[in-house]
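The next block holds one structure in the form of structure tokens; read it before the comments.
The values are calculated or read from the model by the stated rules, or taken from the named source; none is laboratory data. Please read these numbers as outputs of a predicted model, since none were measured by experiment. We place every Cβ from the backbone using ideal geometry, glycine too, and count neighbours over all the protein chains shown. When the accessible area is computed, the model is the full protein with side chains, heavy atoms only, and any ligands, DNA or RNA have been set aside. Shrake-Rupley method; radii C 1.70, N 1.55, O 1.52, S 1.80 Å.
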Amino acid sequence: MNTLPLPGQIKLITLHVRPTVGPHIPVGEDVFTYRISPAGVELKNLEHLKGPNKKDFPPNYQDLLK
């Protein structure tokens with residue numbers, strides 16, 4: 001796979017991300033779509049699917065939620 005586009009090529013890459021804190025406590029779910037071209041990399045879309053759920057956090061991590 002080419003990591004960089006050839007001249008005139010444009011690639012879209014979508015990343016499905018589940019960020020975590022501490023010992024793998026999920027804090028949400030997001031989808032990032034990037035456009036990669038010879039001109040550079042551009043974030044085309046950010047979709048926030050799910051935020052942190054307070055009930056999923058142990059008491060010693062509750063202060064991380066705002």
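Phi angles of the stretch 12-23 translate, via the Karplus equation with coefficients 6.51, -1.76, 1.60 and θ = phi - 60°, into HN-Hα couplings of 10, 10, 10, 10, 9, 10, 10, x, 9, 10, x, x Hz per residue; Gly and Pro are given as x. The 3J(HN,Hα) values that the Karplus relation (6.51, -1.76, 1.60; θ = phi - 60°) gives for the stretch 34-49 are, in residue order, 10, 9, 10, 9, x, 6, x, 10, 9, 6, 8, 7, 10, 10, 8, 8 Hz. Gly and Pro appear as x.
What whole-number value in Å² describes the accessible area per residue of the chain for a 1.4 Å probe? It amounts to 79 Å² per residue over the chain.
Once the Cβ-Cβ distance of TYR34 and ASN60 is raised to the sixth power relative to R0 = 25 Å, the FRET efficiency obtained is 0.10.
Between ILE10 and LYS50, the contour length at 0.36 nm per residue exceeds the alpha carbon distance by 11.5 nm.
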